[in-house]
Amino acid sequence: MNTYRSLLHTEWLKLKHYMVFKLIAIFFGIGVIATNYIVYSFNKNVVGNMQGANMIGSFSPYNFDKTWQTTSYATGWLLMLPAMLIIILITNEFTYRTMRQHIIDGWSRMDAVRVKLAMVFIFAAVSTLLVILTALGFGFASGTSFSLEGFDHVGFFFLKALTYNLIAAFIAVWIRRTGFAIGLFFIYMGAENIISQLLDVWSMQLRTSDDIDLGTLGDYLPMSASDGLLTFPANPLKTMASSVMPTYNPWVIGAFAIAYILLFLWLIRRNVLTKDL
């Protein structure tokens with residue numbers, strides 16, 4: 001087996017001059033800052049001036065006791081960008097026979113699995129680092145005292161990034177054609193979102209009409225499990241809605257999220273090790 005260092009060096013040589021990689025990385029970086037600024041500006045200029053602002057106007061989502069949670073939640077909406085990049089990079093390996101050539105040159109199939117999964121983890125880690133830096137920037141800009149309250153949501157963000165990346169990698173090694181794989185990824189994401197919303201409505205009906213509380217059932221699906229861990233900070237409007245919502249069970253949702261991560265790790269490994277390259 002080759003070392004991780006040599007495998008990752010080979011991947012970096014392919015990435016560093018690849019324009020698509022640079023463009024998506026730049027768009028994602030700018031998008032993280034822009035998205036959080038939009039949330040900050042909306043809360044300051046719209047929510048703060050709403051009628052009844054005495055009740056909700058004091059809510060500041062980027063104070064240091066909330067910035068980690070808010071930034072993680074807002075940035076989570078952009079995770080389709082690194083996931084799409086992973087699909088492009090992996091499908092290119094099959095389109096241009098790069099993976100096959102690596103094996104001819106002495107890589108094992110396990111080396112091919114290891115480097116792709118390492119890339120999945122690195123992309124998730126870099127995305128998480130960007131969240132930390134952005135949260136720090138908005139937190140210091142808020143003028144409040146430094147706090148690590150809510151920092152666990154940064155870990156939830158990492159789980160979400162990892163889940164999206166693994167689903168993208170699985171679709172890529174399964175479909176192996178860039179256009180079809182990207183299309184299937186977005187179709188699946190949209191379909192799961194619709195199903196998740198329907199399950200959430202059913203959950204509310206069970207609680208209000210039958211007094212059965214099974215939690216938010218929509219959060220038990222693959223993407224939605226990691227989505228469900230990332231919530232917007234508590235505020236008066238959210239508190240009012242909680243009376244009709246099922247009980248939020250983060251430990252149950254987190255268990256589902258980790259189980260799905262392990263499942264997709266196994267599926268990716270099995271596909272690369274057993275299928276024709």
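Computed from the coordinates by the stated procedures, all read-outs in this text should not be read as laboratory data. Just so we're clear, the structure is a prediction, and the values are computed from it rather than from any experiment. Glycine gets a Cβ as well: all are built from the backbone with ideal geometry, and neighbour counts include every protein chain shown.
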Which value, in debye to the nearest 20, describes the size of the charge dipole of the chain about its Cα centre when Lys and Arg Cβ atoms bear +1, Asp and Glu Cβ atoms bear -1, and nothing else is charged? 1140
Choice from Ala225, Ala135, Ala234 showing the highest fluctuation, given a GNM over the chain with Cα pairs closer than 10 Å: Ala234
Please report, ordered by residue number, every helix of the chain (full DSSP H runs) that is 20 Å or longer along its axis going by C-alpha atoms and whose mean Kyte-Doolittle hydropathy reaches 0.0. 19-45, 80-95, 109-141, 152-175, 178-210, 250-274
The stretch 151-277 shape via C-alpha gyration tensor axes, a/c threshold 1.5: prolate
So, in the chain, how many Lys pairs have Cα atoms under 26 Å apart, if the pair is 8 or more places apart or on different chains? 14
Roughly how many Å is it from the Cα centre of the stretch 83-155 to that of the stretch 181-214, as a whole number? 28
Mean separation of Cα pairs under 8 Å and 6+ residues apart, divided by the residue count of the stretch 108-199: what relative contact order is that in percent? 29
Most fluctuating residue of Tyr220, Tyr18, Tyr62 in a GNM of the chain with Cα springs under 10 Å: which is it? Tyr18
Remind me, relative contact order of the chain in percent, using alpha carbon pairs under 8 angstrom and six or more residues apart? 24
Among (i) 0.96; (ii) 1.05; (iii) 1.02, the value of Rg/Rh (Cα atoms, Kirkwood Rh) computed for this structure carries the label (iii)
Based on the mean of other beta carbon atoms within 10 Å per residue, what is the order of 63-71, 203-211, 88-96, 175-183, most packed first? 63-71, 88-96, 175-183, 203-211
